[in-house]
Amino acid sequence: MVKYESTPLDQVFHALGDATRRQMLRELAAGERTVSQLAEPFDMSLAAASKHVKVLENAGLIQREIRGRTHLCRLDPGPLASAKEWLAFYERFWTSRLDVLDQLLREDARHTTVPSPTSKKGKSHE
């Protein structure tokens, strides 16, 4: 059996891999919310919402504070920086590839001449 230990970056991408959790993060960007408030826009139980919150919390994307029976959540965007850094490598990779493609297409266009309709020599039918 292969034992796999996830890295913090793996946990961030796992958390971001679910549309419900991404929407919860979007809500938290506007300010702290209770777990009930986070669950409200979705057709899910409070227990299901708590599981999503736990995944976000394990990834370090949110901080949860318990006040009595109320669980308040707030966004902690710090771990998103490592995801952004990882994605930035591929952004630079694809940008450089697209720059090369652009250059090749421009060179090809310079070497390919298409005659315009007005440049054709023909006999006048007068």
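Whenever a residue of segment 20-36 is over 19 Å from T70 (Cα atoms) and assigned to a helix (DSSP H, G or I), its partners that are open to solvent by 30 Å² or more (accessible area, probe 1.4 Å) and not charged (D, E, K, R), lying with C-beta atoms within less than 8 angstrom and at least six residues away or across chains, give the pairs T20/F42; T20/M44; T20/H52; R21/H52; R21/V55; R22/L16; Q23/P41; Q23/F42.
Residues A19, A88, A15: which one is at pLDDT 95 or above, within 17 Å of the chain's Cα centre (by Cα), exposed (fewer than 11 other Cβ atoms within 10 Å of the Cβ) and of a type in the set (G, A, S)?
A19
Whenever a residue of segment 79-100 is within 16 Å of A59 (Cα to Cα), it has no partner that is of a type in the set (D, E) lying with C-beta atoms less than 6 angstrom away and at least six residues away or across chains. Among the residues of segment 28-77, those identified as under 16 Å from A15 (Cβ atoms), open to solvent by 60 Å² or more (accessible area, probe 1.4 Å) and either of a type outside the set (G, A, S) or in contact with a helix residue (DSSP H, G or I) (Cβ under 8 Å, 6 or more places away or on another chain) (or both) are K51, K54, N58, Q63, R64, R74, P77.
Just one of the numbered conditions (1) of a type in the set (A, V, I, L, M); (2) assigned to a helix (DSSP H, G or I); (3) open to solvent by less than 40 Å² (accessible area, probe 1.4 Å) is not true of L9: (3).
The values are calculated or read from the model by the stated rules, or taken from the named source; none is laboratory data. This structure is a prediction, so every number in the text was calculated from the model and none was measured. Here the Cβ is made from the backbone with ideal geometry for all residues, glycine too, and neighbour counts use every protein chain on show. The accessibility values were calculated without ligands, DNA or RNA, using every heavy atom of the protein model including side chains. Shrake-Rupley method; radii C 1.70, N 1.55, O 1.52, S 1.80 Å.
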